[in-house]
Structure formats: C-alpha cells, structure tokens
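Presented below is the structure to which this report refers.
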Amino acid sequence: QVQLLESGGGLVQAGGSLRLSCAASGRMASIVALGWYRQAAGKQRELVATITPVGRMNYADSVKGRFTISRDNAKNTVYLQMNSLKPEDTAVYYCNAFNNIGFSSWGQGTQVTVSS
C-alpha cells in the first residue's frame, strides 16, 4: 500500500506557472511508475505525465513542451512543473503510483484553475 499527498494547486492566470508536489509513503519498492493525471469537470480522468524510478518520462501530447515531471527518490516525491498554463489545463490533478502487480494508488487531488 502506498499513500500519496499532493500539494501546490491553485488559481493562476493564463500563461502562468504552478508546481505540484506529491509525497509518497509506504511500500515504495513495489512502485514501477509515479505520475500525474487530471480530471476536468464533466470529463474522464486523463494521463498528464509519468516517470519511472530510473527517470523515464512519458507525457500527454497536450502538455509536451509545457509541463515537466521529475522525482526525488531520496524524498519519495514527484513534481509537476507546469508552465505556459492554459484555461484548458483547469482540472483536479491527481498523483498516481502504479505498482508491479498492476495496482494503482491515488492521492486526494489538488485543484488547478487557469483563468483567461
């Protein structure tokens, strides 16, 4: 079992930046990827970015070049640096930990609102 605690959401104007953090605890040795997903009102949850323990990253096309995922293995923390934010980035952002038996753990979510 892995516990995830997100922070860093908020309200920002279009073109601005935010940095999300997710502190993980628990059975970290079983985790094969940490990542961020988002869910906008009335839409399905979608992948934003993932990163493996060795630093292999994957991004949704909609955020490539604007968002950067990183992790600090010593702190068991994953970050999402979001630049050039757009109103369509408005969503609840969830931290995710995916383990080696196909089980996902989720954080409680943090709201990101981008005003035009």
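The values are calculated or read from the model by the stated rules, or taken from the named source; none is laboratory data. Remember, it's a predicted structure, so these values are computed and weren't measured experimentally. Backbone-built Cβ (ideal geometry, glycine too); neighbour counts: all protein chains shown. Keep in mind that these areas ignore ligands, DNA and RNA; they rest on the heavy atoms of the full protein, side chains included. Shrake-Rupley method; radii C 1.70, N 1.55, O 1.52, S 1.80 Å.
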**OP:** Set the Förster radius R0 to 25 Å, insert the Cβ-Cβ distance between Gln111 and Gln1 as r into 1/(1 + (r/R0)^6), and round the FRET efficiency to 0.05.
**Re:** 0.50
Subject >> Accessible-area order (highest first, 1.4 angstrom probe) of the listed residues Met28, Met82 >> reply: Met28, Met82
Subject >> Whole-number percent relative contact order across the chain, with pairs defined as alpha carbons under 8 Å at least 6 apart >> reply: 37
**OP:** Kindly report the accessible area of the chain per residue (heavy atoms of protein chains, probe 1.4 Å, no ligands, DNA or RNA), in Å².
**Re:** 53
**OP:** Any chance you could run the full-extension gain for Val32 through Glu46? It's 0.36 nm times the residue separation minus the Cα-Cα distance, nm to one decimal.
**Re:** 3.2 nm
**OP:** Report, to the nearest whole %, how much of the accessible area of the chain belongs to carbon and sulfur atoms, 1.4 Å probe, protein only.
**Re:** 50
**OP:** Would you mind working out the magnitude of the charge dipole of the chain relative to its Cα centre, with +1 at each Lys and Arg C-beta and -1 at each Asp and Glu C-beta, to the nearest 20 Debye?
**Re:** 140
Original post:
What's the local net charge at Gln111, with K and R +1, D and E -1, over the other residues with C-beta under 11 Å away?
Top reply: 0
